[in-house]
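Values in this text are rule-based calculations from the coordinates and carry no lab data. The shown structure was predicted, so the numbers you read here are calculated from the model rather than taken from an experiment. Please note: Cβ atoms are built from the backbone with ideal geometry, for glycine as well, and neighbour counts cover all protein chains shown.
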Amino acid sequence: MTKLLVTEITRMGPAVCVIGLQRDKEKVQSIRPVPTWVNGWLHFPYQRGEVLECSLAPICGAPPHVEDRALTKNFRKSATVGESDIVTYLRKAECADSLRGLFECAVYENKKGSGVYARPTEAHRSICGCQTQNLRLELCGNELRATLVLASGELLRDLPVVDRDWLDFKDAALAVERGANLAARLERFLNSQLQYKIMSCPHHFVRIGLTRPYREVCWLMLDTLFPMPKAEWLEEF
Amino acid sequence: MTPPQLSSLAEEGFRRIVETCFRQEAGASAPFPDETTDLIETGILDSMGWVSFLRAVETASGISLGSGLNEQPSSIAAIMGALQDSMKGPSASNDPQMRMNRAVGASTAFVAASSSVLGAKLVPSEEADRAFGMPIGKLRKRAGIESLAYAAADENELTLGARAAEEALRAASCGTGELDWIIATSETHHDYPALSAQLHSRLLARENCGALDVGGACLGLLNAMVVAQSLIGSGAAQTVGVVTADVHSRVLTPRRVVGEFGGLFGDGASAFVLRRDEHGRADSGYCVGDFLFGCAGQYASAIRVAPNEGGGLDVQFDGEALSRAAITRLEKVIAVLETRSGIARGSVGGFATHQPNPRLVAVLAKQIGVSPETFPAICRTSGNLGSSMCGAALHAALQQAAKAEFSQRKPIFLASLGPGMLLGGTWLTAASSGGAAFRR
């Protein structure tokens, strides 16, 4: 039986992808539980911070998604961990200060437009945590994007935000019942109060993930951003 | 308000940009969609492709679109609408470069004359190998550098820069008294008085001629040129002298830096006389086009140089990452110049780019699919000249162009990079034609 602390739930089309932390003696490592036949969960009634008991079996996942494990016995919730404690555990798992350190390989920029990617044959993992010097969220053509500076001073621009909680927050902010000029209001919030809320938070932390290989590349995305969004922030704009 | 004629020209330009960027993203064979089709809903692009497409249009047009397209369908019509909106008033565009280009008028400044000089001491690259304790032949075999131009004992940034400036002024039949500004850039001159002030005195410029130093290292020439163009376009200046000068051989010495880095550099200077295009004076010169600038911070750690306490230099230099970044970025700048100017890269007569080393220039030419002959061979015999590299290449390209009949002179692309992966570019077109014959 494995105890898994759910650390990220990301949107992947109609499904969600889940990653958790597993303690193995002194080591804390990321594990991605997957159903036996697909990569995502169409129904996942759990929240981040919940500790789930489950049975997992190793599978031969396509690299660099070496964290994949097949779920052989259903989840059972056993405890809940607070937001700052989740980050404490995440800091003990895979972390890097530099772009090359994220997936232990070179990272390439899209020559045509935006986005950065790693090559599946070069990347050694598909998830990594990092501290950022600065971070900005932006709504670009209705899509939530993040730009951040790593501790090394290297910059990552236009990362798609796939964190379910942040995307839910964006959707709630743009809900028609909230009135007019929704995008402009959200943008103003993202550019002002939010920046401060994120960067001044003592447990500010991000996790960057890789998409599944598509046309021989894995795009970088912002899997998780701490602090998590608060419903009361919607009252501020 | 934008005049109707200008508006229709702009629309034509915007449409070309949108189509080019769409095909880059969706593939050359992808049919161009109906204007109102939602590109995400119909699966033509996914959300990553959509944002990538928007960013490509933004870079090529110099107009920020992102927020203008929120709460709108992901369609070509929405993009065209946002681009058109940016033309409605001077404050409508939120892109500083676009505002700058529009305010100064992209063709108000022209390059009347140019010059380039190299350090007088030409040494075989094997001598640099030896001095830096590298295997003999390394610079030649690995980087393609055959020789390096080093400043002679009586040469420095001031003497090289002044010589280049005097030659350019002479070529333009322009007296020093006509200069309204001297704009200097150097990545090796860190003394006071600043280089522009010293040049001002040395050239005997008028007391009310301004003197300004700009930074940017290897991007310095483009930084200096955009300032010159802005001064001319705003009416603050009629004639501006732009001077670059670098003497690496006294800064990047074997005692201070490793040879894989320091051995690549040589010494030189370049100068340009930029003038306002009026009374048909531009007939023999090259008009300066729009500028694009940016900073690709993901490569920030590829090169870092900082003084240490012992008087040496701490150099962090990831050659492989830097090479890859330089090629990718120069390629991207050239693609944007092509899209924005409407001038196909195949029609360009000369690429005056930064030349980190000859090998990379050859790779770049191959990557962008043009003849290596269109890149003036400067670095091979003189080494990397820093902020003077682009200037030396531009001067050579202008000299080459001058051999052709004026109406046959092809456009020139300028593209360069600086530490921190600063990037910039512009294009020059033979003044009277405006490059019309070479546009797509």
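Using equal-weight Cα scatterers in the Debye expression, the normalised intensity of segment B:319-440 in log10 at q = 0.14 Å⁻¹ is -0.54. Relative contact order of chain B: 19 percent, from C-alpha pairs under 8 Å at least 6 residues apart in sequence. Counting Cβ atoms of other protein chains within 10 Å of each residue's Cβ and taking the mean over peptide B:291-299 gives 3. Each 10 Å bin from zero up to the one holding the largest Cα-Cα distance in segment A:1-156 carries the following percent of pairs: 10, 34, 38, 16, 1.
Among B:284-294, A:126-136, how do they line up by average Cβ neighbours within 10 Å per residue, starting with the highest?
Working: B:284-294: 22.1, A:126-136: 19.6.
For the peptides B:284-294, A:126-136, the packing ranking is B:284-294, A:126-136.
Calculated on the Cα set of the protein assembly as shown, radius of gyration then Dmax: 27.5, 87 Å. Round to a whole angstrom and tell me the spacing of the C-alpha centers of segment B:214-231 and segment A:156-172. Each part's Cα centre sits 38 Å from the other's.
Counting only other chains, what is the mean number of Cβ atoms within 10 angstrom of the Cβ of each residue in peptide A:142-149?
Details: counts 11, 10, 2, 5, 0, 1, 0, 3.
Mean number of neighbouring Cβ atoms from other chains: 4.
Here is the list for segment B:203-307: GluC sites (Glu not before Pro) lying in DSSP coil, each with at most 13 other C-beta atoms within 10 angstrom of its C-beta, are B:Glu207, B:Glu278.
Can you give the calculated 222 nm mean residue ellipticity of the protein assembly as shown, where each DSSP H run of n ≥ 4 adds -39,500 (n - 2.57) and the sum is split over every residue, rounded to the nearest 500 deg cm²/dmol? Mind showing how you got there, number by number?
Values: 18 runs with 200 residues, N = 677.
Taken over the protein assembly as shown, the calculation gives -9000 deg cm²/dmol.
Segment B:371-415 and segment B:102-179 have Cα centres lying 13 Å from one another. Peptides A:192-200, B:17-25, B:380-388 ordered by packing proxy, namely the average of other Cβ atoms within 10 Å per residue, highest first: B:380-388, B:17-25, A:192-200.
How large is the Rg to Rh ratio of segment B:290-380 when both quantities use alpha carbon positions and Rh follows Kirkwood?
Values: Rg = 15.5 Å, Rh = 14.8 Å.
Here Rg/Rh amounts to 1.05.
Looking at the calculated P(r) for segment A:94-236, what percent of the C-alpha pair distances fall above 22 Å? Can you show the working numbers first?
Details: 3868 of 10153 pairs.
That fraction is 38 percent.
Label positions at B:Glu35 and A:Gln195, each projected 7 Å from the Cα along the C-beta direction, are separated by 3.6 nm. When every Cα-Cα distance of segment B:4-94 is counted in 5 angstrom steps from zero, the calculated P(r) takes the values 3, 14, 27, 28, 16, 8, 3, 0 percent.
Can you compute log10 of I(q)/I(0) for chain B with the Debye formula, treating each Cα as one identical point scatterer, at q = 0.06, 0.13, 0.14 Å⁻¹? Values returned for q = 0.06, 0.13, 0.14 Å⁻¹ are -0.26, -1.15, -1.29. Per-residue mean of foreign Cβ neighbours for B:329-336 is 1 (Cβ atoms of other chains, 10 Å radius).
If you take the alpha carbon atoms of segment B:109-283 and fit the smallest convex hull around them, that volume is 116 Å³ per residue. Each residue of segment A:106-122 was assigned a 3J(HN,Hα) from its phi angle through the Karplus expression (A = 6.51, B = -1.76, C = 1.60, θ = phi - 60°), giving 5, 10, 10, 9, 5, 6, 8, x, 10, x, 10, 9, 10, 8, x, 6, 9 Hz with x at Gly and Pro.
Peptides B:329-336, B:362-369: what's the order by average Cβ count within 10 Å, highest mean first? Write down the numbers at each step before the final one.
Details: B:329-336: 22.4, B:362-369: 15.9.
The most tightly packed comes first, giving B:329-336, B:362-369.
Summary of the geometry: segment B:240-261 and segment A:71-118, compared by the centres of their Cα atoms, lie 42 Å apart.
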